[in-house]
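Please treat every number below as a calculation from the coordinates, not as lab data. Here the structure is a predicted model, which is why all the values come from computation and not from measurement. Virtual Cβ from ideal backbone geometry, glycine too; neighbours counted across all protein chains shown.
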Amino acid sequence: MKIQALHVWQLNEREARQIQLDLSSRLIFKNAELNPKLVAGVDVSVSRFSRSGRAAVVLINFHTLELIETATAEGEISFPYVPGLLSFREAPLIIQAFSKLCHKPDIVIVDGQGIAHPRRFGIASHLGLLLDIPTIGCAKSRLTGSHNEVPDRIGAFSYLFDDEEIVGAVVRTRRGVKPLYISIGHKIDLLTAVSYVLNCCRGLRLPEPTRLAHLLANNGLGNFIPRI
């Protein structure tokens, strides 16, 4: 899979923030020609005791949610943990994992933010440009913005606003649990992103691609995948 060379990775925090501001203008907020058959999920696990990390990419059939392919990459993570700069910490390993895939996904769901970000350039947007693939940010918590209460029914959502700009949607994927924060990554519009995430949840809180990627990044999939 071809990876775009957007910048060097040996950066300080000031340089990383400037890159986000510069690259955010290149994002596309409308759909490419989408008819997704393969959807990828992405997650990264970082050791509590060292600077080693493990990135996992899981590829599934968009219609059946059947597992098609997985890839991982392990290595040292050099960039510090800084809220809002997650992609500079995790993307180098994620890119290595993507380079091992035999199939190219049609769309990528990322456990993190897209444009629901102070500089409108979270990890999902960063990966979208690097991979030149439509991406969706699907985060479990809010980084920026505010929203109204989300009704407790599957598929209900409230828009996420930041300075009167819609930057995402807060979506109820399962009754009785916390909603997810969905935002545009790249080459997709918000309502399509919401519908794709809901298609991949099917009664669970988390979409199947990122749920499986989380399991693979932390423990490996094994023969039994618990439904959480």
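Each label was represented as a point 7 Å from its Cα along the Cα-to-Cβ direction; for R51 and S146 these points are 4.0 nm apart.
As a calculated quantity, the FRET efficiency between E13 and E76 at R0 = 22 Å, using C-beta atoms, amounts to about 0.75.
Charge dipole (Cα centre; +1 on Lys/Arg Cβ, -1 on Asp/Glu Cβ; no other charges) of segment 21-218 amounts to roughly 460 debye. Remark: relative contact order (the chain) = 22 percent; criterion is Cα-Cα distance under 8 angstrom and separation of 6 or more residues. Cβ crowding within 10 Å ranks R119, R211 as R119, R211, fewest other Cβ atoms first. Restricting segment 20-76 to GluC sites (Glu not before Pro) that sit in a DSSP loop and have at most 13 other Cβ atoms within 10 Å of their own Cβ leaves E33, E66. Measuring from centroid to centroid over Cα atoms, what is the spacing of segment 57-75 and segment 133-184 in Å? Spelled out, the Cα-based centre of one part sits 24 Å from the other. When the Gaussian network model of the chain links Cα atoms closer than 10 Å, the mean-square fluctuations of S158, S125, S47 top out at S47. Counting 0.36 nm for each residue step from M1 to E164 and taking away their Cα separation leaves a gain of 54.9 nm. Using Cα springs under 10 Å in a Gaussian network model of the chain, which residue among S24, S50, S146 shows the largest mean-square fluctuation? Top of the fluctuation ranking is S50. Annotation: peptides 85-93, 1-9, ranked by per-residue average of other Cβ atoms within 10 Å with the highest first, follow the order 85-93, 1-9.
Place a label point 7 angstrom from the Cα of C102 along the Cα-to-Cβ direction, then list the residues of segment 58-95 whose backbone nitrogen is under 17 Å away. Answer for segment 58-95: 58-61, 66-72. Only Lys, Arg, Asp and Glu carry charge here, each on its Cβ (+1 for the first two, -1 for the last two); on that basis segment 1-118 has a dipole of about 160 debye about its Cα centre. Database remark: amide H of K104 closer than 5 angstrom to no amide H (H placed geometrically; neighbours at sequence offset of 5 or more, or on other chains; Pro and chain starts carry no H).
Straight-line cross-link reach from K187 at under 16 Å between alpha-carbon atoms covers these aspartates and glutamates, not counting any fewer than eight positions away in the same chain: E33, D106, D132. Computed over the alpha carbons of segment 21-218, Rg followed by Dmax gives 15.5, 44 Å.
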